[in-house]
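Down below is the structure, laid out as structure tokens.
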Amino acid sequence: MNHLLAGWRRSEVRRDGLWHVQPVPAKQAAKAYLCPGCTQSIAPGTAHIVTWRGDGVLGDDADLANRRHWHTHCWKIK
């Protein structure tokens with residue numbers, strides 16, 4: 001999990017609160033994930049976005065543990 005905190009990231013305020021957003025380059029995308037925006041698979045080798053809450057009531061560790069992987073486009077239109 002520390003690699004997510006160490007890399008380039010930004011914070012965004014959305015309708016539902018504060019989110020930490022970090023891009024995952026294609027060369028680091030080793031696993032398949034299910035995008036919560038479109039419910040379609042993000043294939044290994046596909047650049048995408050990882051997000052986690054920045055204002056959760058359970059604290060940073062819980063927010064980071066509940067991170068989600070999104071297609072970049074799906075996150076933009078969220």
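No value in this document is a laboratory result; all are computed from the given coordinates. Remember, predicted model here, so these are calculated numbers, not experimental data. Ideal geometry is used to build each Cβ from the backbone, glycine not excepted, and the neighbour counts take in all protein chains shown.
Summary of values
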{"item": "Number of positions in the stretch 22-40 that are farther than 11 Å from ARG68 by Cβ and either surrounded by fewer than 17 Cβ atoms within 10 Å (Cβ to Cβ) or among the polar types (S, T, N, Q) (or both)", "result": "12"}
{"item": "Identity of the residue in the stretch 8-53, touching a Phe, Trp or Tyr at 6+ places or on another chain (Cβ under 6 Å) and in a loop (DSSP other than H, G, I, E, B), that ends up farthest from LYS76 (Cα to Cα)", "result": "CYS35"}
{"item": "Count of residues meeting criterion [of a type outside the set (Lys, Arg) and assigned to a loop (DSSP other than H, G, I, E, B)] in the stretch 54-78", "result": "8"}
{"item": "Pick from the stretch 51-78, criterion β-branched (Val, Ile, Thr) and farther than 15 Å from LEU18 by Cβ, ranking: surrounded by the fewest Cβ atoms within 10 Å (Cβ to Cβ)", "result": "ILE77"}
